[in-house]
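Here is the structure we will look at.
Values quoted throughout were computed directly from the atomic coordinates according to the rules given, and no laboratory measurement underlies them. Keep in mind it's a predicted model, so treat the numbers as computed, not measured. Reconstructed Cβ throughout: ideal geometry from the backbone, glycine too, with neighbour counts over all protein chains shown.
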Amino acid sequence: DIQMTQSPSTLSASVGDRVTITCRASQSISTWLAWYQQKPGKAPKFLIYKASSLESGVPSRFSGSGSGTEFTLTITSLQPDDFATYYCQQYYGSPSFGQGTKVEIK
Amino acid sequence: QVQLVQSGAEVKKPGASVNVSCKASGYMFTGHYIHWVRQAPGQGLEWMGWANPKTGATRFDQKLQGRVTMTTDTSISTAYMQLSSLKSDDTAVYFCARDYFGSGRVFDYWGQGALVTVSS
């Protein structure tokens, strides 16, 4: 099984900040990586696939990068609606998720 | 528009079974796998498996092998997940999700979730 590890677990930031979340895979997954946003009591929302391809309708302040075992999700100017938990997910093998990164208000 | 609407919350005793449904609309049901993902209270996301509505084929996470069944009914565009021999650590919100690429294991649309509570 491929293990996904996110860091940090919690991130405190202010509106307008640039935020970066890291996701590491236990083995190379090429660019078979997706990112999701989840708010309390809601289903996850699909943001990015193939490490850097933005899903239609997702704001351009979100971007993804990386390949192999190390990936990042960047939010260039944090907006009030962006405070949420973010998950990476690999789909090189049977799907598995990172443990999540909570972006909270500083 | 694409929608996945799940059945409601359930409370079950240990050892019982639970059946969660997921009704799809707004797209060709047979064109996309349906995945099931669960989330224990305050925890992360755990993929459970997928069902191919076109062929009926399924694949499950090996931790759940023998306890989980996933079926689809194309006549009513509905997917079902049954989990048996329930334990307290099966308490979770169970989500169905559509496969973005058809069979690529990326999830673009999600149901609202169904809370299953296992308690004596």
With chain B treated as a Gaussian network of Cα nodes joined by springs under 10 Å, which of B:Ala97, B:Ala57, B:Ala24 yields the largest mean-square fluctuation? B:Ala57
Which of A:Gly93, A:Phe83, A:Leu33 sits closest to the plus end of the dipole of chain A, meaning its Cα is farthest towards the positive end, when Lys and Arg get +1 and Asp and Glu get -1 on the C-beta? A:Phe83
In debye to the nearest 20, how big a dipole does chain A give about its Cα centre with +1 on each Lys and Arg Cβ and -1 on each Asp and Glu Cβ? 120
Take the alpha carbon atoms of segment A:1-76, find their radius of gyration, then divide it by 2.2 N^0.38 Å using N residues; give the quotient. 1.10
In whole Hz, the Karplus estimates of ³J(HN,Hα) for segment A:48-54 (6.51, -1.76, 1.60; θ = phi - 60°; x where Gly or Pro) are 9, 10, 6, 6, 9, 8, 7
Using amide H atoms built in the peptide plane, which far-off residues or other-chain residues are under 5 Å from B:Gly113 H to H? B:Gln6, B:Cys96
Where the Cα pairs of the protein assembly as shown fall when distances are cut into 5 Å bins, in %: 1, 7, 15, 18, 19, 16, 12, 7, 3, 1, 0
Using +1 at the Cβ of each Lys and Arg and -1 at the Cβ of each Asp and Glu in the protein assembly as shown, identify which of B:Val116, A:Val103, A:Ser65 lies farthest towards the dipole's positive end. B:Val116
per DSSP, antiparallel bridges as share of beta bridges in the protein assembly as shown, % nearest 5, sits at 90
Can you list residues whose amide H is under 5 Å from A:Ser30's amide H, if they're 5+ apart or on another chain and H is modeled 1.01 Å from N? A:Gly68
Using the crude model of +1 on Lys and Arg Cβ and -1 on Asp and Glu Cβ, and no other charge, please compute the dipole size for the protein assembly as shown relative to its Cα centre, in debye to 20. 160
Size of the dipole of chain B about the Cα centre, Lys and Arg at +1 and Asp and Glu at -1 on the beta carbon, nothing else charged, in debye to 20? 160
So which residue, out of A:Ser12, A:Ser26, A:Ser94, gets the largest mean-square fluctuation from a GNM of chain A using Cα contacts under 10 Å as springs? A:Ser94
Efficiency by 1/(1 + (r/R0)^6): what FRET value for A:Ser94 and B:Ala57, r their Cβ-Cβ distance, R0 = 22 Å, to the nearest 0.05? 0.90
Read phi for every residue in segment B:42-50 and hand back ³J(HN,Hα) as whole Hz from Karplus 6.51 cos²θ - 1.76 cosθ + 1.60, θ = phi - 60°, with x for Gly and Pro. x, 10, x, 8, 10, 6, 9, x, 9
Which of these, A:Leu78, A:Leu33, A:Leu47, has the largest mean-square fluctuation under a Gaussian network model of chain A (Cα springs below 10 Å)? A:Leu78
Relative contact order %, segment A:1-76, counting alpha carbon pairs below 8 Å whose residues are six or more apart: 32
Taking the beta-carbon count within 10 Å as an exposure proxy, list A:Ile48, B:Ile34, A:Ile2 from fewest neighbours to most. A:Ile2, A:Ile48, B:Ile34
Which entries of A:Lys106/B:Lys87; B:Lys23/B:Lys63; A:Lys39/B:Lys12; B:Lys13/B:Lys63; A:Lys50/B:Lys13; A:Lys42/B:Lys63 have Cα-Cα distances beyond 32 Å here? A:Lys106/B:Lys87; A:Lys50/B:Lys13
Local net charge near B:Gly44, Cβ-Cβ under 12 Å (Lys/Arg +1, Asp/Glu -1): +1
For B:Val106, other-chain or 5+-apart residues with amide H closer than 5 Å (H placed, Pro excluded) are B:Tyr100, B:Phe101
Can you sort B:Leu64, B:Leu4, A:Leu73 by how many other beta carbons sit within 10 Å, fewest first? B:Leu64, B:Leu4, A:Leu73
Volume of the Cα convex hull of chain B, divided per residue and given in Å³: 95
Through the Karplus equation 6.51 cos²θ - 1.76 cosθ + 1.60, θ set to phi - 60°, convert the phi angles of segment A:55-69 into ³J(HN,Hα) values in whole Hz; use x for Gly and Pro. 5, 4, x, 7, x, 6, 6, 8, 8, x, 8, x, 6, x, 10
For B:Asp89, B:Asp108, A:Asp17, what ranking results if the residue with the fewest other Cβ atoms within 10 Å of its Cβ goes first? B:Asp89, A:Asp17, B:Asp108
